[in-house]
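First up is the structure itself, then whatever we jot down about it.
The values are calculated or read from the model by the stated rules, or taken from the named source; none is laboratory data. Fair warning: this is a prediction, and the values are worked out from it, not measured in the lab. Note: ideal-geometry Cβ built from the backbone for every residue, glycine included; neighbour counts use all protein chains shown.
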Amino acid sequence: METATPDARPNTQTKHCECCGAKFEAPVGRRGRPQVYHHPNCKKIMQLLSWLEDCIMDENFQPTKTRAGILRSALWNMGNQVNAK
């Protein structure tokens, strides 16, 4: 007797947003790319984080020690705003 593989799950499973973790139902009978984010803002946040990481990791980005501290503080502040909700 064969058992179903994890990839053979029905389309009615609950999925989680990759950004905020909110649950949403997977669409049934719908074609195309599966939903990854439950809200357009979640998609935008993930795009901005990816873009920001690319900018920071660029070899031409070399802020002074003072400016690096200011940027670090701003990023820390944004993290605290996420935790405050």
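Looking only at residues in the stretch 22-37 that are outside any loop (DSSP other than H, G, I, E, B) and either charged (D, E, K, R) or modelled with pLDDT under 80 (or both), which one is surrounded by the most Cβ atoms within 10 Å (Cβ to Cβ)?
Glu25
The conditions are (1) surrounded by 10 or more Cβ atoms within 10 Å (Cβ to Cβ); (2) of a type in the set (S, T, N, Q); (3) part of a loop (DSSP other than H, G, I, E, B), and Asn60 fails exactly one of them. Which is it?
(1)
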